[in-house]
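Asker: Structure below; questions to follow.
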Amino acid sequence: NAGVMQNPRHLVRRRGQEARLRCSPMKGHSHVYWYRQLPEEGLKFMVYLQKENIIDESGMPKERFSAEFPKEGPSILRIQQVVRGDSAAYFCASSPLSDTGELFFGEGSRLTVL
Amino acid sequence: KNEVEQSPQNLTAQEGEFITINCSYSVGISALHWLQQHPGGGIVSLFMLSSGKKKHGRLIATINIQEKHSSLHITASHPRDSAVYICAVNSRATNKLIFGTGTLLAVQP
């Protein structure tokens, strides 16, 4: 049973480009969470999704950021018109349960904006 | 003041020492997680607790709900235990994880 798979592991973008980060949850998990870890800072919640639904996006910036978890395929975190401040590690976690379920984290995607 | 506070922020130990990392929180929780992150690496979930104590190998985690405090203990520490240990609580009010800033542990041979 493969763990949570994130790709790419490392992504370099120039300012103004788009970044797409993908997360495939563990088999049987229908709850996906995205977290951002800025350099020298702790992890912060961004968004919580279930299949085809955004449950809570209160941690996500209102502009340029979007997330989806389609019926088929991985969850995608999309950042449009990236700026240097978007440089961070983005972690995905999945859970079989929505409440107090054990979380399984991916290896993270490290975005560098030049 | 952060809702989740960890201490110490940095810890250096000699191989074989007993290590304790503390976590205090100020919100109502449904569960507490201890996570491990190696430099540049992914995050591994070590424990999820809602009461009492759990043990896995050389790692022990305890939680006192009344005092809003948890500890992570490492017995017979080893250099491969060197990592950042992160405490995170599942807020009952928001059902979201709130993370501490982590404790950087370095175990020297």
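Asker: Which members of region B:25-35 meet the condition of being assigned to a strand (DSSP E or B) and surrounded by fewer than 19 Cβ atoms within 10 Å (Cβ to Cβ)? Step through it out loud before you land on a result.
Answerer: Residues of region B:25-35 that are assigned to a strand (DSSP E or B), as a first pass: B:25, B:29-35.
Selection gives B:Ser30 alone.
Asker: Also, I was wondering about something else. Output the residues belonging to region A:73-89 that are among the hydrophobic types (A, V, I, L, M, F, W, C) and either within 7 Å of A:Val113 (Cβ to Cβ) or open to solvent by 50 Å² or more (accessible area, probe 1.4 Å) (or both).
Answerer: Residues satisfying the conditions are A:Val82, A:Val83.
Asker: Any residue in region B:34-57 that is under 14 Å from B:Gly100 (Cβ atoms) sitting within a Cβ distance under 6 Å of a residue that is polar (S, T, N, Q)? List the pairs, counting only those 6 or more apart or interchain.
Answerer: Between residues of region B:34-57 that are under 14 Å from B:Gly100 (Cβ atoms) and residues that are polar (S, T, N, Q), the close pairs are B:Leu35/B:Ser45; B:Ile43/B:Gln37; B:Leu46/B:Gln36.
Asker: Separate question: Looking at region B:47-63 only, could you name the residues that are open to solvent by 70 Å² or more (accessible area, probe 1.4 Å) and assigned to a strand (DSSP E or B)?
Answerer: Scanning region B:47-63 gives B:Lys53, B:Lys54, B:Lys55, B:His56.
Asker: Is there any pair linking a residue in region B:90-109 that is more than 9 Å from chain A (Cβ to nearest Cβ) and within 17 Å of B:Leu72 (Cβ to Cβ) to one that is open to solvent by 40 Å² or more (accessible area, probe 1.4 Å) and of a type in the set (Asp, Glu), with Cβ under 6 Å and at least six apart or on different chains, and which?
Answerer: Close Cβ pairs satisfying both conditions: B:Val107/B:Glu15.
Asker: Out of A:Tyr90, A:Tyr48, A:Tyr35, report the one residue that is under 19 Å from A:Arg22 (Cβ atoms), modelled with pLDDT under 95 and within 14 Å of chain B (Cβ to nearest Cβ). Let's see the steps before the verdict.
Answerer: Numbers: A:Tyr90 fails: modelled with pLDDT under 95; A:Tyr35 fails: modelled with pLDDT under 95.
Selected residue: A:Tyr48, the only one of A:Tyr90, A:Tyr48, A:Tyr35 that is under 19 Å from A:Arg22 (Cβ atoms), modelled with pLDDT under 95 and within 14 Å of chain B (Cβ to nearest Cβ).
Asker: Taking the condition surrounded by 19 or more Cβ atoms within 10 Å (Cβ to Cβ) and in a loop (DSSP other than H, G, I, E, B), does B:Ser70 pass?
Answerer: Taking the combined requirement at face value, the residue does not satisfy it.
Asker: Applying the selection to region B:58-83, what residues are in contact (Cβ under 8 Å) with a residue 40 or more places away in the chain, within 10 Å of the chain's Cα centre (by Cα) and more than 16 Å from B:Asn2 (Cβ to Cβ)?
Answerer: B:Ser71, B:Leu72, B:His73
Asker: Right, another one. Any idea which residue in region B:82-101 is nearest to B:Val44 (Cα to Cα), counting only those that are open to solvent by 10 Å² or more (accessible area, probe 1.4 Å) and not in a strand (DSSP E or B)?
Answerer: Going through the qualifying residues, I end up with B:Ser82.
Asker: Further question: Within region A:39-61, work out how many residues are open to solvent by 30 Å² or more (accessible area, probe 1.4 Å), assigned to a loop (DSSP other than H, G, I, E, B) and within 12 Å of A:Phe91 (Cβ to Cβ).
Answerer: 0
Asker: Go through region A:1-20 and give me each residue that's in a loop (DSSP other than H, G, I, E, B) and closer than 11 Å to A:Ser109 by Cα.
Answerer: A:Pro8, A:Arg9
Asker: Out of region B:66-86, which residues are in contact with a Cys (Cβ under 7 Å, 6 or more places away or on another chain) and farther than 21 Å from B:Tyr25 by Cβ?
Answerer: none
The values are calculated or read from the model by the stated rules, or taken from the named source; none is laboratory data. Bear in mind the structure is a predicted one, so any value in this text is a computation, not a measurement. Glycine gets a Cβ as well: all are built from the backbone with ideal geometry, and neighbour counts include every protein chain shown. Accessible surface is based on the protein model in full, side chains and every heavy atom, while ligands, DNA and RNA are left aside. Shrake-Rupley method; radii C 1.70, N 1.55, O 1.52, S 1.80 Å.
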